[in-house]
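Single-structure report; data block below.
Every read-out reported here was derived from the displayed coordinates using simple, explicitly stated rules and does not represent laboratory data. Note that this is a predicted model, so its numbers are computed, not measured. For neighbour counting, all protein chains shown are included, and Cβ atoms are generated from backbone atoms with ideal geometry for every residue, glycine included.
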Amino acid sequence: MKKSHYFKLVFSLLSIVFAFALPAKEGMWIPSRIQQLVGDDMAAMGMKISVEELYSINKSSIKDAVVHFGGGCTSVLVSGEGLLLTNHHCGYSRIQSHSTLENDYLEDGFWAMNKSEELPNEGLTAAIIKEIRDVTDLVMADMDELVSEEDRAKHISAKIEEIVAEATKDSHYEAYIKPFYFGNQYLLFITEVFNDVRLVGAPPSSIGKFGFDTDNWVWPRHTGDFSVFRVYANAENKPAEYSEDNKPYQPLKYLPVNLNGADKGDFTLVYGFPGRTDNYITSAEVTKSLEVINPQRIEMRRASLAVIDQAMRSDKLLKIQYAAKQSRISNAYKKWIGQNKGLIRHKAVAKRDSIERVFTERVKANADFKSTYGNTLAALNKQSEEMLPLDVGRNYFIEFYYMGPEILRFAESFATLVAASKSDTTTDEQIEALVKEQFESMGFFKNYSAAVDEKIMKAQLPITEAALKKYLSFNLIPDMGKASNLNEYTEMLYANSIFSSSERTREFLVKYKRSAYKKIEKDPAFQMAMRMIEMYYVAVRPKLIIYNTAKEQLMRDWMKGMMTVIPERTYYADANSTLRITYGKVEGYEPFDGANYMHYTTLEGVMEKEDATNPEFVVPAKLKKLYETKNYGRYADQNGQIRVAFTASNHTSGGNSGSPVIDANGNLIGLNFDRTWESTMSDIMFNAEICRNITVDIRYVLFIMDKYADAGHLVDEMTLVE
């Protein structure tokens, strides 16, 4: 039997036979295979619509209303005119980009009262999945079973390019192929990608980010985490670049909105694009995350956030400039803290280790298993230990170079100009063109403060320098010159760098001559940037590629081995930013002894949290008045309350932000926006008893639109179900 046919047969049979081995709520399921995998289980839990209504390629289905928003979040179509709902935090950087001191949409909110007022967003995309195909046989075709990993990768890459080209030939569609089960299966995703996506509305941050960092990843939650966009298309209703002539997109499917909401025990389904999970890594890898990688990340981000938070409190312009950056840094920071707490509290290492012991004992007892998988786990554990210094190097490259002081990335952007200036083959015209590009890059300074950036470097540089010396014997600053310590060195760097102010950079570029590359090379910010580049791309990445190539084979064997040796478990594919369905029920939970959380929060809780002295808990005056007068319209529940958010037992991850939360009849009841702090461990280990996703109730979304923002015309676009 062909290798590819064998894999396909094994995965299909195991997925069907053992689908009931996991708690019904765990798993992120591929829509095209939902009937085979868990269709009956979903119906038993209360789903009333058919599986074909969730995913179909022959007629419109709910998948046509689920949109990949900007490649990192999810969103949902809610009207026949391309109206799109997602989270406030998903649209945050776009809202920030349109904000100024005169029109601070982050603080005051933004609402387009007609389509002409909707704001374009360069580079923002909205992608809709048209079809999902299993192409494992095609990808693996004609491949020798004994091929090396390097040749295997080349073969797969060539096949993927060929399959994608064929799938999109003579069409406006795009496509990509992703591996599943660590390369034991490959799926093709055909997409329609829209490039004209406009901002329609956003509540003020006092609603859309109510609770800010204090409440992030925490329940009870009272955040109106939503924003509104609209997808535009050309006259043929197809994707097009921004144009005033474009028309609102007419979708194949949009979701009706259920004004009755959801109650305890109700079936819920989350449809979206979860980013990444690691549910099958070994106990050694879990230990590494708990003891080394996550603590390093947390320490670095705690250091930068202390600086940024203080700066944002001190100055309104800095608050605008750093809002999106702060949100991006703090979100993962707090998640990693919660993830560690959850994994430790619920003994993730011990539980993973117990599975490995079962695997090891069964392998020892079976000659065939022993010959095939006898060394797999030991090899993975050995490799995990050997990779630690490389993982640390990569960690600090991300945390210091990409997420830390911004001057480094800006300075490094001049490396191309340096190389061209040094080359005898580069013409003066080419140099002029590169200088022009650098002028264009100076938009960087719009959201930059050298004073804040310098404090971030002072906070993070000692941590980074110490770690690189310890794990890699790498000295980031081989010569500190006249500086006697890292603080003085940092002050010298910002005082002397060309790249620490727009005035210096502009003056340098205006006078630029070919020989001026020497000044760039001597610049302290450029030198530090290039040292970080050297650390990663010379000392770390080449070895990491070799290790990761070997790891891919080992993880592929480990995955196949577990499914063969321990077949009573159910094996859903890890999240990889592809379209998935997860399902569960509306329910509260008991996070720890003595605590029992309800499954929903109300507007009354917003008022209870109000603290005019704390910018994270300020309540807008109009919202208070609506509460005091109980001017709730048709959006109150049966008890006359406005529900803000609710929890359910859906297995979600990053990327599910903005995902539609759907009731048993296929109606929209909310937008997924978070997990509880205890649930962040679900990227590595899901626990159905405590893992809960957090959803903003769709009735709160509509209430804010209609009663608070006086944007009832947007509600009128939707189909409401009562």
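Across all Cα pairs in segment 20-78, the calculated P(r) in 10 Å bins from zero up to the longest distance comes to 20, 46, 31, 4 percent per bin.
Using a simple spin-label model with pseudo-atoms 7 Å out from Cα toward Cβ, Ser473 and Val193 lie 4.5 nm apart. 3J(HN,Hα) along segment 285-298: 6, 5, 4, 4, 4, 5, 9, 10, 5, 4, x, 5, 4, 4 Hz, from the Karplus curve 6.51 cos²θ - 1.76 cosθ + 1.60 with θ = phi - 60°, whole Hz, x for Gly and Pro. The simple Förster model, with R0 at 56 Å and r as the Cβ-Cβ distance, assigns Lys364 and Asn639 a FRET efficiency of 0.40.
Placing a pseudo-label 7 Å from each Cα along the Cα-to-Cβ vector at Met442 and Arg357 gives an inter-label distance of 6.6 nm.
Going 7 Å from the Cα of Ile545 in the Cα-to-Cβ direction, what parts of segment 142-185 have a backbone nitrogen less than 14 Å from that spot? Residues passing the 14 Å test: 150-151, 153-154.
By the Cβ rule of 4.7 Å, the chain holds the following cysteines without a possible disulfide partner: Cys691.
Averaged over residues, the count of other Cβ atoms within 10 Å places the peptides 165-178, 562-575, 683-696 in the sequence 683-696, 562-575, 165-178, highest first. Treating each Cα of segment 283-558 as an identical point scatterer and summing with the Debye formula, the log10 of I(q)/I(0) at q = 0.12, 0.13 Å⁻¹ comes to -0.87, -0.96. Each peptide in 525-536, 275-286 receives the mean, over its residues, of other Cβ atoms within 10 Å, and ordering these scores from highest gives 525-536, 275-286.
How many nm separate the modelled label positions at Ala379 and Asn485, each set 7 Å beyond the Cα in the direction of the Cβ? It works out to 5.0 nm between the two label points. Name all residues of segment 102-130 having a backbone nitrogen under 15 Å from the label point set 7 Å from the Cα of Asp716 along its Cα→Cβ direction, giving them as ranges. Residues passing the 15 Å test: 112-116. Within the chain, the percentage of alpha carbon pairs spaced more than 46 angstrom apart rounds to 23%. At an R0 of 56 angstrom, the distance between the Cβ atoms of Ser243 and Ile398 translates into a FRET efficiency of 0.90. Divide by every residue of the chain the summed helix terms, -39500 (n - 2.57) for each DSSP H run of at least 4, and state the resulting mean residue ellipticity at 222 nm, rounded to the nearest 500 deg cm²/dmol. After summing the helix terms and dividing by the residues of the chain, the value is -13500 deg cm²/dmol. Once the Cβ-Cβ distance of Val510 and Glu429 is raised to the sixth power relative to R0 = 30 Å, the FRET efficiency obtained is 0.95. Of the peptides 185-193, 349-357, the ranking by mean beta-carbon count within 10 Å, highest at the top, reads 185-193, 349-357. Assuming charge only on the beta carbon of Lys and Arg (+1) and of Asp and Glu (-1), the dipole of the chain about its Cα centre is about 1340 debye to the nearest 20.
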